[in-house]
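The values are calculated or read from the model by the stated rules, or taken from the named source; none is laboratory data. Since this is a predicted model, take the numbers as computed values, not measurements. Cβ: placed from backbone, ideal geometry, glycine included. Neighbour counts: every protein chain shown.
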Amino acid sequence: MDFLVETVVVLGVDIQDTLEGWVLALFSVVIVFDAYLGIRDKRLLLFCIVQILGLIAGYYWASSVFEQQDVAGPWAWGRVVGIWGVSVVLFHAWYVLMLVRSRA
């Protein structure tokens with residue numbers, strides 16, 4: 001189980017290091033795209049709301065870790081980004097699979 005948590009954190013830190021300040025732009029693009037597609041499909045709109053609430057909660061959690069000046073502070077935002085990244089990939093893979101099944 002620790003391996004999965006560490007993998008998510010490392011993935012988040014890698015995304016964060018690669019995109020630097022553009023991580024928020026990536027969040028915005030994906031959320032706006034899901035909201036646009038959510039006009040026709042309520043599942044995407046629901047996932048868009050879950051993303052927004054999750055990122056808000058993750059921001060406040062990472063901020064509280066930073067304020068405590070904990071050793072894990074630099075990794076806190078990486079964990080939030082990693083969890084977001086994994087959930088976005090898994091949800092969109094599931095959504096595409098459901099679309100393919102419904103049209104077959």
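Here is the figure for segment 31-80: residues that are among the β-branched types (V, I, T), in contact with a Gly (Cβ under 6 Å, 6 or more places away or on another chain) and closer than 24 Å to A93 by Cβ total 1. Could you say whether any residue in segment 56-77 is in contact with a Leu (Cβ under 9 Å, 6 or more places away or on another chain) and surrounded by 15 or more Cβ atoms within 10 Å (Cβ to Cβ)? No: segment 56-77 contains no residue that is in contact with a Leu (Cβ under 9 Å, 6 or more places away or on another chain) and surrounded by 15 or more Cβ atoms within 10 Å (Cβ to Cβ). Condition first: closer than 15 Å to W84 by Cα and modelled with pLDDT of 90 or more. Can you find one or more residues in segment 35-43 that meet it? No: zero hits.
Does F3 qualify as being under 14 Å from the mean Cα position of the chain (by Cα) and of a type in the set (F, W, Y)? The answer is no for F3.
Pairs meeting the criteria (first residue in segment 65-85 and without any contact (Cβ under 8 Å) to a residue 60 or more places away in the chain, second residue part of a helix (DSSP H, G or I) and among the β-branched types (V, I, T), beta carbons under 8 Å, at least 6 apart or on different chains) are A72/V65; G73/V65; A76/V65.
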